[in-house]
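Since every read-out is calculated from the coordinates, none of them should be taken as a lab result. As the structure is a prediction and not an experimental result, all values here were calculated from the model. Backbone-built Cβ (ideal geometry, glycine too); neighbour counts: all protein chains shown.
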Amino acid sequence: MNPNLAVSTNWRRPFRFHRALALTLVWFSASAFALAQPRILTQPRNVAVPAGQDAQFRVSATGVAPLAYQWRFNGTPLEGATTNSLSLANVELWQLGCYDVTVSNSAGEITSAPAWLLLANRWTELVYFGSSEGMDKCGGGPWNDHLARRLGVTLRNYASGLANSAGVASQIATYLRSYTPNSNTLVAFWTGGPGNDMLGKEPPELAASNRVGNVRLLAAAGARQFLILRFYPPELMPYFRNLGYPTNELALRYDVLLDQGLEPLRAEYGLTVFRPDMFALFTAIYGNPTAYGFKNPPATDFWCDGMHTTLAVHRLVSEECYRCLTPPLRITLIARSPEPSGDVVQLQWQGGSPPFCVQYCEDLQQGLWQSSFSWFWTTVWWVPAKAHEFMRIVHLGQ
């Protein structure tokens, strides 16, 4: 035999094309299945309405058709609520609470985030003027969007990037051409306007005077409630720290002058002005960043680009604003009497965001809370149905 024609016994295993194809098909099938499952594109938002008015929740979802919807109220399916929107006519107090929706198809199901139907006993809209607060850089909606969602109101956001006081005045003029503010309008300002004035080396006296002028213009048009956040420490921002201007002292001086300028307007127009202290909040975060979920020291998890704060910071700002807007809750035990199933107590509530609803739970590990269908404003009796029953109070106002 010709040795050149001999077949080697050390042959190489041919490439298993069918195996590679099978793996590709498995991966493709898994990906296709994941794409087939329903996904929620837009979550339902909190809604706040006065008693007797209509309310609507809406969800946007995608996935292989057909998609089926089932809305729930406090965990209980609502009969006939099987479309992507839920309309409630002539809302009554018993309808206030937590709503969500399950979206399903042949590939699976998903449940939306909870959305609350609240009693609109304070505001109907949040109107914001100033700079954009980096809404296009923070990885999500800015603090004012989160606050509007929490309150269940419409956000009218007129902000634009790097707006100075002249820019804010133009924003207000645009708003007043289409709308008339009233006692249920919450007007909000933060750094936009005066902050950019001072960045341009305008003195704090002029910056504060410009902000007072903004408030006076809106108050004369009918606005009565204002949310004006105090400046955060500029020296914490990497950009300002490298620039060397503006300083913490400048920001504090501005807010002192603004407080002084607002006092005559409070008396003249009967204004309510809320002043969340962002200087204190940012200082507290930097004093103990890990307690707030940030690195020590905070870095890009706090300032996404050295100038604009991240989504996590925007959420903290929103929460601080809500705490400032909501009267502190105070609970007083009025009466207590023993019963076989446990003590019967009478509680008096002050502050918070009424009306309130009593919910009870027998097993905290499962976390299945049920409403007692009793709503109250200031005083409640709680009679435990059985021993070892837990109670909590849910705020159903804004």
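Taking ASN210, ASN46, ASN288 as the candidate residues, the one with maximal mean-square fluctuation in a Gaussian network model of the chain, Cα springs under 10 Å, is ASN288. Hydrodynamic radius of region 41-128 by the Kirkwood approach over all distinct alpha-carbon pairs: 13.7 Å. The convex hull around the C-alpha trace of region 249-376, projected and averaged over every direction, spans 13.6 square nanometres. Summed over qualifying helices (DSSP H, 4 residues or more, each -39500 (n - 2.57)) and divided by its residue number, the chain shows a 222 nm mean residue ellipticity of -9500 deg cm²/dmol. Going 7 Å from the Cα of THR272 in the Cα-to-Cβ direction, what parts of region 114-129 have a backbone nitrogen less than 16 Å from that spot? Answer for this model: 119-127.
Using only alpha carbons, region 188-241 has a radius of gyration to Kirkwood radius ratio (Rg to Rh) of 1.04. Using Cα atoms only, what is the angle between the long axis of helix 17-36 and the major principal axis of the chain, expressed in degrees (0 to 90) to the nearest 10? So the helix axis and the longest Cα principal axis differ by about 30 degrees.
Choose one answer from PHE189, PHE129, PHE73: the residue with the largest mean-square fluctuation in a GNM of the chain with alpha-carbon springs under 10 Å. Between PHE189, PHE129, PHE73, it is PHE73 that shows the largest mean-square fluctuation.
Once you reduce region 140-206 and region 42-56 to the center of their Cα atoms, the two points are 25 Å from each other. Taking other C-beta atoms within 10 angstrom as a stand-in for reagent exposure, ASP197, ASP145 fall in the order ASP145, ASP197, fewest first.
When Lys and Arg each count +1 and Asp and Glu each count -1, what net charge do the other residues less than 15 Å away from LEU151, Cβ to Cβ, add up to? Please report the intermediate quantities before stating the final value.
Working: positive: ARG45, ARG122, ARG149, ARG150, ARG156, ARG315, ARG323; negative: GLU125, ASP145, GLU319, GLU320.
Net local charge, LEU151 excluded: +3.
What the Cα convex hull of region 159-221 gives, in volume per residue, is 74 Å³. For region 102-240, the Cα-based Rg and Dmax, in that order, read 17.9, 65 Å. Once divided by 2.2 N^0.38 Å, the Cα radius of gyration of region 226-287 becomes 1.30.
Please work out the ratio of the alpha-carbon Rg of the chain to 2.2 N^0.38 Å and round it to two decimals. Present the calculation step by step, with values, prior to reporting the outcome.
Working: Rg = 28.2 Å, N = 398, 2.2 N^0.38 = 21.4 Å.
Normalised Rg, Cα atoms only: 1.32.
Helix 311-325 and the longest principal axis of the C-alpha atoms of the chain enclose an angle of approximately 30°.
Convex hull over the Cα atoms of region 83-179, averaged projected area in nm²?
On the way: hull surface 37.3 nm².
In nm², the orientation-averaged hull projection of region 83-179 is 9.3.
Put a dot 7 Å past the Cα of ARG39, heading toward its Cβ, do the same for TYR179, and the two dots end up 3.3 nm apart.
If you add up the charges near GLY293, with Lys and Arg at +1 and Asp and Glu at -1, over every other residue whose beta carbon is less than 14 angstrom from its beta carbon, what do you get?
Numbers: positive: LYS295, ARG315; negative: ASP301, GLU319.
Value of the local net charge: 0.
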